[in-house]
Structures are given as C-alpha cells and as structure tokens.
Amino acid sequence: MSAPFAKFSPRLAFWILPLAAVLFLAGCASLSNSGVISQLDQTQRTTSYSLAPGGKLGQTFTARFDGLQTVSVHLPSHLLDQGQLALRLYGIPADLPPLGSPAAGQPLASAVVDLSAASQPGYVPFTFTPLRASSNIDYYLEIELAAPDGSELEISTGPADSYLDGALYLNERPENAQLAFHLSYDRTRAALGYALALANGLGWIGLGLLLVLLPGWALMDLLPTGLQPVDFTVRLGLAAGAGFALYPLLLQWSWVVGWKPGALLAWIPTTAAAIYLLLRRKSLHLRVDLPGGLALILLLLVAVARAAAVLGLPAPMWGDSYQHSVITQLLLDHGGLFQSWEPYTELPAFTYHFGFHSFAAVLSWISGLPAPQAVLWAGQAAGVLAVLALVPLADRLGRTAWAAPAVLLLVGLLSPMPAFYTNWGRYTQLAGQVILPAFLWLCMALLARSEEKDHPLPGWRLSLLLALVSAGLALTHVRILILAALYPITHSLLSLHQPNRLRRYGWLAAAGLTGIILYLPWFTNSTGSQLSSMFVQQISTPLNQVRQAVGEVNLAGSLKEYLPIWLWLLLLLSSGWAAWRRRDLFIPLLGWLVLAVLVANPQWLALPGSGIIGAYTTFIAAYIPLGIVGGAWLGSLVHWLESGWSNQPGRRLVVLRAVLVIAALAAAGLGLLARIDDVRPTQFALVTHPDLRAAAWLRTNLPQQAHLLVNAFPAFYDTSIVGADAGWWLPLLAGRTTTLPPLNYAIEDEPYPGYRQTVNQLVEVIQGSGLDIPAVQQELTRRGITHLFIGQRQGALNNPYPPLLDPAALANSSHYRLLYRQDRIWIFEVVE
C-alpha cells in the first residue's frame, strides 16, 4: 500500500466520525425549528363537503410516527362567526364492523376549535395530548359541528386516490373521497419512535447481511493464497456473491436427497462458518484504513436508506412481489422445495428459479417475519449486497482502496438504481446481480496471466469456487446467468495470444462442467416445462415472425429513466480513463458489456432470440458498469490527489483527508434523502393498511371454501392477466382462493389443458359484457365464484382499462349482496 495509507492514524477517525455524527444530527434538527414534526398527508383540495350542525365527517388514516398530537383540517371558505368544531379520535378495532362507522369504544383523544376565534380560511389545527405509541397505527377521526341551526361549514376534500390508507366518511358512511388534512407529531416522541423503527429495520437488513456474508467470508478461504483479498471491503464484496449463491444450492441438493431442512438451512451454514472462522482467526485479520473506514460508514448509510424507504409498508409492492411472497410461503410451508402450489393456486409444478426466495425463506426462519415482510426486507438486504458486491471489481480496475467508498457513494446513494427495484419487486434480478460481480471477478482471476514468477496460476480451488458461484447464479436468475456466461467467452477470445492459455481454459472448462453438474437437478426438473418451451421458442423464432409485442418490450426508452444524465456522463468519462490507463483490464470488460447489450437486442443484428433478455433488463442494470468503472475512476482520482499531498506537511494531508471525508458524507446525506424518496407507494403499492383490515375480516367471516372474483386486467400485450388492487394478494393475506393466480401461471405447467386461456377469458368476458347478464352469472356459478372483492386501489393501479368491478353497479344489482364496506373496499356475496 502507498505511503498515504501507511500514514493513516486512528486519531483521524476519532475526530472525523464524531464530526460526521454531529453533522447528521444537525441535519435532523434542521427538519423542524419547533417542538413538532409535520407531515403533509393529504393536501389535495378539489372539492368540499358542507357540514351541518349535528352532521359527522370522518376520515380513516394511518399515523407514520409516534407522538401524534395534532390533526389539521382544511377549511376553504370564511368561517362561521359562532359555533364550535369538535374532533374525536378513535382507534380502529381488530374486529372491525363490516358496515358503518369504524369508531370503537371511547375516543383516544379529543379537541375543540372555537370558530369565532379563527378568522382566516386554511388549515385549522386540533391539538391534543400526544399519543405515546402511534406509529403505523390505524385511526378514525370524526368531526362534528356545533352551531346555530341553518349554519353550514365547508370542509375541503380531495380525490379518492390521493391518499392510500383511508377514506372520507360522511355521517358514518365511507365516500369515494379523502379529507384534506395533515398530521403533526411531538418531536421528541416521533424522533425516538422513528429511531427505534429504523433500528428494527436495520436489524432485519443486518441479519440478512450476516446470513450471506458470514458463510461467504468463510468460502473466500478457497481462494489461492496470492488472490486472498487484503482489504476487508474487497473480501466482503466477494463474500456477498459467494454467500448468496450458497443457499439455493443447499436447498436444491437437500431436495435431491429428500430432506426438508426448514430452519436448519439458515442455522447450519452460518453456525459452521462462525465456528470455522473462530478456529481459523487468520481469516479475520485484515487491514482497515481510512478508505475502509469511510466505506464502512457509507455501507451503513446505504442500509439506512434502504431501511428508511420501506418503513411502514404493509407489503412489498407491485405484481412480482406477490409471486415472490407465495413462493417464499410455500418454501416455509414445505420446509424446502415443493412442486404443487396448493393451497394458494392450483399450479401443479414449480420450475422457476428460487435463489432470492431461498434467501427470503432463510431470513423468515431466523427472524420469524411472515413471508411478505420477509420478501420486503430480504429485498432491501439484497439491495445493499448488490452495491457491496461491485467493490472487488472496482478495486481490481482502480487499484486503490478508495474505490470501495466511491462505489458505495455512487451506486448506493447517488444512483436511483438499484434502489428503485423496490417499487417493482424486481428482487430476483437484483439477487442475480448480487452474485454476478463475484462471478466476473473469479473469471478475471482465473483467466488473467500472473506477471509474477512466484505467483502460480489459479488451480482447483479457484475453479471450484467459480463453479459454486455459477450454479448458484443459475438457480437465482437464468437471464443474468446468460449475460454472465458472455464474459469468459469475451475474455478468452481477447486473450488467445497469451501464454498458458490452454491451462487457464482447462480450469475454466472444469469450473463450467462442475457448475453444470451442481445445477443439473433443477435443470432436469425444468426441462420440458412451459418455461423451457418458451425459451426454445424465443431462441428459434426468426426475427420477421416475432410478435410486435416482443419488439416493443425490447425498446429501451429514454436513458434518463435508468440513471440521471450526469451519471451517464460520468460513466463515459470514466470509461475513457479506463481505456487509457487500465486497458488490459478494461477492454475485456468493455467487450462483455457490448456483447451483453447485443444479446439483449438481437434484432439489431437481425438475429432470433428477441424477448429472452430484453433491453430493459440490461438498462436497469446500468448501475453495474457505473459502479465498476465510475467507482474505479473516482477512487483513483482521490488516490492521485492524496498522493500529490503525501510530501506536504502532515497537517495539510490531514486537512485534505478531512475535506474528502466530509465532502463524501455531505454527498451521502443528500443521496440518502433522495433514495428514501425513490420508493413510491402511491404509484406502485397494491396492498394498503385498509386492505389488511379487510383481509383480516375476510379470514374470520368468510367460509374456507369461498372463492373470490378480484380486479384484474390484461397485460403484457394481452398475454397474461394481472391484478390491480390487493385482491390479488388474498390467498396469502386472507387464506381464500381467487380467480387470479400468481403471474407464474403464464410460464409454469398448466393443471389442465387450456388453463391459461380459461384464466384470461374470464376477464375478457366480464370486460365485454359486465357482471349482470345471465351468461356471466352462469359462468361465475360454473367457476365456483362465491364472493367479489374490490380493494382500496379499486382496480385502478396501473390499469389502462376501466376497473373490472364497479362497486356502484354491484351495489344496485340484485345478484350481489354487500357484506363489507369500509374505506374504499367493498366485499359482495354472489346471490344464487
């Protein structure tokens, strides 16, 4: 290591780290200059309701912090000269009544506003004693006017879809609207409660990291001596990929021998790794210098951003998250791999990749989290690991320890990807991209020619480690495996002129063959399935016969959708630097990137295979070259600056280092806030808090054999049917079957011929004819549909068509009886 790093003193960290903490606390304090924290919950004002004396106006909502103490309601017009407006706050009971007011028992809080003292329109605050524990608690507020007869008071309201977790109530009847309100919290209670919630979330993420990094760290001892990482961040990054690849392999082979490991799948690898590392303490003796210490702080901030972004989410978001949660629940139910998807849907076989789901199941077994929450937090942990996994490649390209904090800052905090994956529930691709960098690093190590005589070429241990990672990647995401396999091909073609190539190719072939053997059981299980048939069809269909839908899916769209323009420019600039200064390492990497883009877009070369990978898959992964090349360049730039000051007096070098650290932390703070805002429930969440209440009522009050029709619409150019509200989630949330299976029904084997067509046709028939004609009634009876469910999003989320189920029409039909109406949720029984 160069002189600047050798001069690092722990005393510098003693001053820098407290300074960083002070800056962070100062930023938190600047959020409010008073004793309260305010949140703008629902501020859209498009209309108003006239409240007469004795009338009641209500609103259900979910508090976000502890210490709720003020509800402010907007009054749009001049106030009354006399009278009072009273607010009462109720808790929503677990045994929620199906119809009528959700208020229960005595009010938890109350407040009265004297209208004669309020002279201007605007938000009128109702303040009460702070509620100690209000975070993520559901409430119902009720407003009543006491004024002379004949008086009326206008109260502002907004659109029904402007707030997710409640609805407006008029005279104890839910309306398709929202009150215009915002909440304020006692600052101290809110801060303490938020800190505890954040610590809890960090605990789940930290547990996920431990489950991966501990066995992965032990596996790194398979590396030959000359390749053992010196920097702990590099070893952590490699451990991320190797550790993640381990769990699906163990799950597969336990299935092969007929063993259902259950929670032992979590305990055995971590316990064995811990014992091994304690016995071989040499593996724990690694250097931690200033760049490494900064990297550790930035890694913590990345985890904080991922945890804070999802606090309070009732379930992971969008359609992919549902299928991931069902698969995870089935792994938990069976204690291992399974075939039948019963009781959640009638699919008879399971051939999908399951690397991410094995990680979510392991996290659930250790933590006790239910499957949906395990998927959510496993996804956030995978998001942290995907960033960390890029460090070894950036370190190899940049040849400086400063590459590690550069990667964590650029990709973990300043780039919207991969943090944005949370909105889509695109966790399987993210999991594959945790393993991919380790695969690339191991290929580079295996194929690169050593320039030192005393450094032997890598042997069987490196080949075995590469095989383990390859097989784990195959079980985690097949598309990412295809992209990964392009790198050794590219590198080999570019190194045909190098000596010892046959020996290196021999070890590479051994790794590939071993990886195939390790993956063979699941490959055999998938052979002949619908999924493999679709792959064969895509690869063999000529370009002129590819459906227009596939071609349009392959369109990349605007680059700004994936990364900000300044990050694309940084990637171009750093690529120019890498081509100039790191040609031997960068050219194979560049060749791989170009080949990957071409394989994702074979239509550019008039080749078949469109739709196998797709441009979208590669462009949302653009953070990978950004982290590798951009991190290497930025790290080298910092190293160059530090090297230029290494001959200056010690105090100046300390000042430079302090400025660099403070600048990095300042940028990290800005990035942290931006990454929290990347998660957009309003745009992507299917499940809300009112849906959870409705699902609990449904589980208790509907018979076990109930079969529900739920909102759905044709997607993927009318090839599949997807959900548009929480009805899709009812098999998991309420234990009742629905007409809509997980999206995997389009790729898994059918329970009977024509099953997919049957699922799709029901939506097509209802869209064309409605629900009241005799033919549709007969079809519902034939399919055993007993109830209808309309969720809080009312079938409108991402739906380009009118919602399938119209609550107003159903309420006026004699064929359906209303059983439940709370918030924007309706549940009907089909009348024979």
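Observations on the structure shown:
- Residue, surrounded by the fewest Cβ atoms within 10 Å (Cβ to Cβ), within the stretch 213-231, restricted to residues that are out of contact with any Ser or Thr (no Cβ under 9 Å at 6 or more places or on another chain), touching a residue at least 12 places away in the same chain (Cβ under 8 Å) and over 19 Å from Leu246 (Cβ atoms): Val230
- Positions within the stretch 86-106 being part of a loop (DSSP other than H, G, I, E, B) and open to solvent by less than 50 Å² (accessible area, probe 1.4 Å), in sequence order: Ile92, Pro93, Leu96, Pro97, Pro98, Gly100, Ser101, Pro102, Ala103, Ala104
- Among the residues of the stretch 620-667, those identified as closer than 17 Å to Leu390 by Cβ and open to solvent by 30 Å² or more (accessible area, probe 1.4 Å) are Trp633, Leu634.
- Under the condition of being assigned to a helix (DSSP H, G or I), open to solvent by less than 10 Å² (accessible area, probe 1.4 Å) and aliphatic (A, V, I, L, M), the residues counted in the stretch 412-427 number 1.
- Every residue from the stretch 458-498 that is at pLDDT below 85, touching a Pro at 6+ places or on another chain (Cβ under 8 Å) and assigned to a helix (DSSP H, G or I): Leu494
- Subset of the stretch 45-90 (residues that are free of Cβ contacts under 8 Å to residues at least 60 places away in the same chain and more than 17 Å from Leu115 (Cα to Cα)): Leu89, Tyr90
- Across the stretch 256-286, the qualifying residues are those that are without any contact (Cβ under 8 Å) to a residue 24 or more places away in the chain and more than 27 Å from Gln228 (Cα to Cα), and the one among them that is nearest to the chain's Cα centre (by Cα) is Leu264.
- Applying a threshold of 6 Å to beta carbon distances and a minimum spacing of six or more residues, or different chains, the list of pairs starting in the stretch 340-354 at a residue that is touching a residue at least 60 places away in the same chain (Cβ under 8 Å) and open to solvent by 60 Å² or more (accessible area, probe 1.4 Å) and ending at one that is part of a loop (DSSP other than H, G, I, E, B) and among the hydrophobic types (A, V, I, L, M, F, W, C) is empty.
- Flag for Gly784 being open to solvent by less than 20 Å² (accessible area, probe 1.4 Å), part of a loop (DSSP other than H, G, I, E, B) and at positive phi: no
- Conditions (1) at pLDDT below 90; (2) crowded, with 24+ Cβ neighbours inside 10 Å; number of the one not met by Arg501: (2)
- Here Ala775 fulfils each of the conditions (1) in contact (Cβ under 8 Å) with a residue 12 or more places away in the chain; (2) open to solvent by 50 Å² or more (accessible area, probe 1.4 Å) apart from (1).
- Positions within the stretch 287-301 being within 11 Å of Pro405 (Cα to Cα) and either under 20 Å from the mean Cα position of the chain (by Cα) or not β-branched (Val, Ile, Thr) (or both), in sequence order: Leu290, Pro291, Gly292, Gly293, Leu294, Ala295, Leu296, Leu298, Leu299
- Residue within the stretch 203-212 that is more than 30 Å from Ala133 (Cα to Cα) and open to solvent by 50 Å² or more (accessible area, probe 1.4 Å) present: yes
- In the stretch 53-94, residue farthest from Ala695 (Cα to Cα) [restricted to those that are at pLDDT 90 or above and of a type in the set (Gly, Ala, Ser)]: Ala86
- Filter pass, Ser184 being open to solvent by 20 Å² or more (accessible area, probe 1.4 Å) and hydroxyl-bearing (Ser, Thr, Tyr): no
- Only one of Tyr123, Tyr169, Tyr139, Tyr163 that is surrounded by fewer than 23 Cβ atoms within 10 Å (Cβ to Cβ) and among the hydroxyl-bearing types (Ser, Thr, Tyr): Tyr123
- Criterion violated by Asp677 - all others in (1) open to solvent by less than 50 Å² (accessible area, probe 1.4 Å); (2) within 30 Å of Gln792 (Cα to Cα) satisfied: (1)
- Checking every residue in the stretch 721-738 against the condition of being in contact with a strand residue (DSSP E or B) (Cβ under 8 Å, 6 or more places away or on another chain) and over 26 Å from Arg426 (Cβ atoms) gives at least one match.
- Residue satisfying all of: in the stretch 355-398; open to solvent by less than 10 Å² (accessible area, probe 1.4 Å) and outside any helix (DSSP H, G or I); farthest from Gly631 (Cα to Cα) among these: Ala389
- Only residues that are open to solvent by less than 30 Å² (accessible area, probe 1.4 Å) and modelled with pLDDT of 95 or more were counted in the stretch 315-339, giving 17.
- Meets criteria (open to solvent by less than 20 Å² (accessible area, probe 1.4 Å) and outside any helix (DSSP H, G or I)) for Leu686: yes
- The stretch 806-827, subset farther than 19 Å from Ala167 by Cα and in contact (Cβ under 8 Å) with a residue 12 or more places away in the chain, residue surrounded by the fewest Cβ atoms within 10 Å (Cβ to Cβ): Ser814
- Selection status of Leu409, open to solvent by less than 10 Å² (accessible area, probe 1.4 Å), part of a helix (DSSP H, G or I), more than 26 Å from Pro314 (Cβ to Cβ) and touching a Leu at 6+ places or on another chain (Cβ under 9 Å): no
- Residues of the stretch 696-721 that turn out to be under 23 Å from the mean Cα position of the chain (by Cα), surrounded by fewer than 24 Cβ atoms within 10 Å (Cβ to Cβ) and modelled with pLDDT of 95 or more, as a count: 0
- Single residue of the stretch 57-85 satisfying the filter (over 20 Å from Pro174 (Cβ atoms) and of a type in the set (A, V, I, L, M)) that is surrounded by the fewest Cβ atoms within 10 Å (Cβ to Cβ): Leu80
- Some residue of the stretch 504-527 being of a type in the set (D, E, K, R) and either farther than 19 Å from Pro588 by Cα or at pLDDT 90 or above (or both): no
The values are calculated or read from the model by the stated rules, or taken from the named source; none is laboratory data. Nothing here was measured: the structure is a model prediction, and the numbers come from that model. FYI the Cβ positions are ideal-geometry reconstructions off the backbone, even for glycines, and counts take in every protein chain you see. Heads up: the accessible areas ignore ligands, DNA and RNA and are worked out on the full protein's heavy atoms, side chains in. Shrake-Rupley method; radii C 1.70, N 1.55, O 1.52, S 1.80 Å.
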